[in-house]
Amino acid sequence: MICTFTVVLLMVASTCASIAKAQNAADMVALASAQRSAAGLGGCPSSAYVERTYGASLVACDVDGALAKVKVSKNLTYMGVTYVAEAWAGPAYSAGETR
């Protein structure tokens with residue numbers, strides 16, 4: 001009984017860690033895309049770079065000016081389910097605002 005509980009607990013913990021990794025990957029790719037766009041280097045990184053660096057697949061990346069919106073997916077351990085995380089990044093002010 002205790003062994004079964006331990007295995008289930010480890011599976012849940014592993015799934016939570018995979019979800020957090022997918023969201024972190026989405027956040028980092030969105031920040032990198034916005035930064036690349038602001039520097040005039042284009043927007044989205046290659047999907048091979050995202051997979052190699054974050055272990056997640058780049059599903060969508062849209063850069064509009066300084067705003068980047070991305071989606072990445074990651075297979076959840078033990079579940080056979082793919083989790084899709086979304087993130088966006090850009091300046092803290094709108095285009096018409098000055099600071």
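Values quoted throughout were computed directly from the atomic coordinates according to the rules given, and no laboratory measurement underlies them. Fair warning: this is a prediction, and the values are worked out from it, not measured in the lab. Every residue, glycine as well, gets a Cβ built from its backbone with ideal geometry; the counts of neighbours run over all protein chains shown.
Below is a table of values for the structure above.
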read-out	value
FRET efficiency estimate (nearest 0.05) - Cβ-Cβ, Val84 to Ala38, R0 25 angstrom	0.45
Virtual paramagnetic centre 7 Å along Cα→Cβ of Ile19, amide N under 20 Å, in the stretch 44-58	55-57
Within-13-Å neighbourhood charge of Gln23 [Cβ basis; K, R +1; D, E -1]	+1
Distance histogram for the chain (every C-alpha pair counted, 10 angstrom bins, percent rounded to whole numbers)	17, 38, 23, 14, 6, 2, 0
Charge dipole (the stretch 2-89, unit charges on Cβ, about Cα centre) - positive-most of Ala87, Gly40, Leu10	Leu10
For the stretch 3-42, alpha-carbon Rg and Dmax in angstrom	17.1, 55
Cysteines in the chain lacking a second Cys C-beta under 4.7 Å	Cys3, Cys16
